[in-house]
Structure formats: C-alpha cells, structure tokens
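J.: Just dropping this structure here.
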Amino acid sequence: MLITFKQAASKLKAANKILITAHILPDGDAIGSTLATMQMLRALGKSAQVFIDDDVRKNLHVLPHFEEIRRPVDGEKFDADLLLILDTSPDRIGNVAKMTDAPILNIDHHVTNKNDAGDLYVEPDAAATCEIIFKLAGELNVKITPEIATCLYTGLATDTGFFQFSNTRAETFKTASELVNCGVKPNIISEQMERRSAAEVLSMRTALNSLKIFYGGKVAGMFLDLPTMQNCDSTEGFIDLIRVIDGVDVAFMISERSEKVCRVSMRSKGVDVSKVANELGGGGHIRAAGCTLYTTLDDAEKILVAAIGKAL
Ligand code: AMP
Ligand code: MN
Ligand code: MN
C-alpha cells in the first residue's frame, strides 16, 4: 500500500527492533542509505541491524559502520518488529526476505517499484534514497553526525554520477550542501569512490574492445564474458565510457555473471529505459535501468537489442 512520508516516519517511530536491508548487487545508495538509517534509529534508542545478501564493492567498505553489515547465513532468522527495505522493491533482497515475518516498510525512489508487499513510500523525483533518508532525519529529529552525513552523501553522489545525471535537482544540491555542513569531505569521498584495482582497469579495456554500435549510431553496447568477469571486482562506471559517444541515445552493457545469467545495465539520454528493463523483468529509472537475462551472452544481446529497437 502506498503511504505518505509522514506515515513512513510514524512507522519507524513506532518500531523498536528494525531489520534494514537493500538490493542485491548493492551500490553506494543501497549501502549509504541502510548504514545511515541504522545509525539514526540507534540514536533514537532502537535496535537496528543491516543485512545485505551479497558481496559489496570494495570502495564502499570505507563507509562508517560498514563492518557491522551482516550477510544472512542459511536459514538464519532475525527477531524484528519491522523489515525496512531501502532503494528497491522487496523482490531484490535475496534471502533477507526469509529472515523475518515482520511487517514491511519500503522506502524507495525507483519509478518501477512494484509496490507488491507492505507499506511503500516512493519518491521517484528524489535523486537517491539517501535524499529521502536525509529528510527523514529531520522528521525524526535525529542529529546528523559526520558519520551519518558521510553515508548519505555517498549515496547521493554515486546515484547522480557526482551531481551530473538528470536526476540531480535543486534539492539534491541543497541536501549535499547541508551534509557538507555536517562534516562531509566531498573530495575524500570522491577519491574513495573512484579508486579501481589494476584488474578492473584492464577489464575496462576488454569491455571497450567489445564495443558494438547499433541502429545507425543511436545505440552502443559492451560485452563482458564470464572469464573477464571473474577477474573483475566491479563494473561500476564502465557504461559511462560509452554513454558519452556522440549521437548515442542508449548505451548498454551485458556482463555474464554465471552460465546463462547475464546482467544488463542501460543508460539513456532520451528513451525511457526503465520501460525496456521492466519488459525484460527488471526495472530502474527513466535514464538508468537494468535487468537480468537468463540466457547466453549472444542470446542476451539479441533480446536486448531488439527490445531497445522497439523503444527507439
Ligand atoms: P545499474 O546499471 O546496475 O547501475 O542499475 C541502474 C538502475 O537500474 C539502478 O537504479 C538499479 O537499481 C536498477 N536496476 C538494475 N537492475 C535491476 C533489476 N534487475 N530490477 C530492478 N531494477 C534494476
Ligand atoms: Mn541502488
Ligand atoms: Mn538509488
């Protein structure tokens, strides 16, 4: 059920033992928003714990309290009176879904949020879930410590491509400005987020070598097979290498994660790629979306290029 911002805040006020989670393949917004909310709820005297059912990109391990994030072990249960799901609909949280039967509070900014379980507060115009959590701190009267601010700024910065993407709005800068006043060091966060291993940069070269252009230059794609992916901790930002090509409206990258499991990332300048992703079982935003295709890399290419062609 859709609820208002104030109702979402009330649900958090009423809860005492909160299990917090976010999507698998977690990004800066997923980790930043969960860690910030955990600290905020603890500051209110509640018990709060973050579980993420996936590995987390190394760059994000520097965030305050990162070491407290847990991954559920087989069949593990957690005593909670609220399951707080951030930055995704409830279908992308892996085995955390099985840890508790507590009511769900879902806070998100994805226009494609399926709204299929529990209470949902969704704000599609928010640049990041961290932008919503910042407002929530005000509503809950929680003081934003430098540690909380660092988590929130990281989510805000990474989801907006460091304030470059179309989701960046006046409120995003205002929030960032207030977070800097709370003690964030933007240059340090930028440096930490842009760090890459040599293996990752070499995988970038492999990705660029695979570049293909479709539909007379309107679409560009890159392909990473399983052996390449096995040497690569993260492909974060790879797609930005080709998003910038003159005349390209839709850029995509397909990476083979295991046999017949291909992960798709899309970026666009005009076409609504959230619709393309939705059609293929995924989701996201108008200009940044993704899905997983359960087939070979070659087949995934055919399916995706056809779906993008229809949307052009
Ligand atoms: P990415 O290309 O991984 O950065 O994802 C771009 C956007 O699409 C992010 O906001 C993701 O949360 C969203 N997204 C990616 N994959 C999926 C999926 N399988 N289902 C729903 N949303 C997705
Ligand atoms: Mn995310
Ligand atoms: Mn997000």
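J.: Report the rotationally averaged projected area of segment 212-275 based on its alpha-carbon convex hull, in square nanometres.
T.: With the hull built on Cα positions only, its mean projection is 4.7 nm².
J.: So how strong a dipole does the chain carry about its Cα centre when Lys and Arg Cβ are +1 and Asp and Glu Cβ are -1, to the nearest 20 debye?
T.: 400 debye
J.: For Lys310, which lysines qualify as cross-link partners when the Cα separation must be under 28 Å and same-chain residues fewer than eight apart are set aside?
T.: Lys114, Lys212, Lys218, Lys260, Lys269, Lys275, Lys302
J.: Just check segment 1-102 against the gyration tensor rule for me: Cα atoms, a ≥ b ≥ c as the square roots of the eigenvalues, rounded for a/c under 1.5, and otherwise prolate or oblate depending on whether a/b exceeds b/c.
T.: rounded
J.: Now a separate question. Convert each backbone phi in segment 168-177 into a coupling constant with the Karplus relation 6.51 cos²θ - 1.76 cosθ + 1.60 (shift: θ = phi - 60°), then list the ³J(HN,Hα) values in order as whole Hz, x for Gly and Pro.
T.: 5, 10, 3, 4, 5, 5, 4, 4, 4, 4
J.: If you project the alpha carbons of the chain onto their three principal axes, what span does each projection cover, largest first, in Å?
T.: Result for the chain: principal-axis Cα extents of 57, 41, 35 Å.
J.: For the chain, what's the relative contact order in percent, using C-alpha pairs closer than 8 Å and at least 6 residues apart?
T.: Computed value for the chain: 14 percent relative contact order.
J.: With an 8 Å Cα cut-off and a minimum separation of 6 or more residues, compute the relative contact order for segment 160-312 in percent.
T.: 15 percent
J.: Charges at C-beta only: +1 for Lys and Arg, -1 for Asp and Glu. How large is the resulting dipole of segment 100-219 about its Cα centre, in Debye rounded to 20?
T.: 660 debye
J.: Taking 51 Å as R0, compute the FRET efficiency from the Cβ-Cβ separation of Phe163 and Glu76 and round it to 0.05.
T.: Efficiency, rounded to the nearest 0.05: 0.85.
J.: Which of the trypsin sites (Lys or Arg not before Pro) found in segment 115-221 are in a DSSP loop and have at most 11 neighbouring Cβ atoms, other than their own, within 10 Å?
T.: Passing sites in segment 115-221 are Lys143, Arg195.
J.: Note down the nm distance, to one decimal, between modelled labels 7 Å out along Cα→Cβ at Lys114 and at Asp55.
T.: So the two model labels end up 2.6 nm from each other.
J.: Can you give me the convex hull volume of the Cα atoms of segment 110-185, divided per residue and expressed in Å³?
T.: Spelled out: Cα convex hull of segment 110-185, divided by residues, is 94 Å³.
J.: Tell me the relative contact order for segment 78-120 as a rounded percent, counting alpha carbon contacts under 8 Å between residues six or more apart.
T.: Relative contact order comes out at 45 percent.
J.: Between Leu208 and Glu139, what is the spin-label point distance in nm, taking each point 7 Å from the Cα along the Cα→C-beta axis?
T.: 4.5 nm
J.: Have a look at segment 199-309 and give its Rg and Dmax from the Cα atoms, expressed in angstrom.
T.: 12.7, 34
J.: Now a separate question. If you plug each phi of segment 140-150 into the Karplus form 6.51 cos²θ - 1.76 cosθ + 1.60 with θ = phi - 60°, what whole-Hz ³J(HN,Hα) values come out, in order, with x for Gly and Pro?
T.: So the Karplus estimates, Gly and Pro as x, are 8, 6, 9, 6, 8, 6, x, 5, 5, 4, 4 Hz.
J.: Test of understanding: what is the full-extension gain from Val62 to Asp240, defined as 0.36 nm times their sequence separation minus their Cα-Cα distance?
T.: Taking Val62 through Asp240 to full extension adds about 61.7 nm, to one decimal.
J.: Hey, got a sec? Which GluC sites (Glu not before Pro) in segment 201-282 land in a DSSP loop and have at most 16 other Cβ atoms within 10 Å?
T.: Of the GluC sites (Glu not before Pro), the ones in loops of segment 201-282 whose Cβ has at most 16 other Cβ atoms within 10 Å are Glu259.
J.: Something else about it: Work out from phi, with θ = phi - 60° and the Karplus expression 6.51 cos²θ - 1.76 cosθ + 1.60, the ³J(HN,Hα) of each residue of segment 97-107, listed in order in whole Hz, and give x for Gly and Pro.
T.: 4, 8, 7, 8, 9, 4, x, 9, 10, 10, 10
J.: Can you figure out the FRET efficiency of Asp298 with Gln230, using R₀ = 25 Å and their beta-carbon distance, to the nearest 0.05?
T.: 0.85
J.: Work out Dmax and Rg for segment 136-227 from the C-alpha atoms and quote the Rg first, both in angstrom.
T.: Reported Rg and Dmax, both Å: 18.2, 54.
J.: Give the angle, between 0 and 90 degrees and rounded to the nearest 10, that separates the Cα long axis of helix 5-14 from the longest principal axis of the Cα atoms of the chain.
T.: On a 0 to 90 degree scale, this one is about 50.
J.: A follow-up question, please. Could you calculate the contour length gain from Leu44 to Met1, that is, 0.36 nm times the residue separation minus the distance between their Cα atoms, to one decimal place in nm?
T.: Taking Leu44 through Met1 to full extension adds about 12.9 nm, to one decimal.
Every number here is computed from the coordinates shown, using simple stated rules; none is lab data. What you see is a predicted model, and the numbers here were worked out from it, not measured in a lab. Here Cβ is always computed from backbone atoms with ideal geometry, including for glycine, and neighbour counts include all displayed protein chains.
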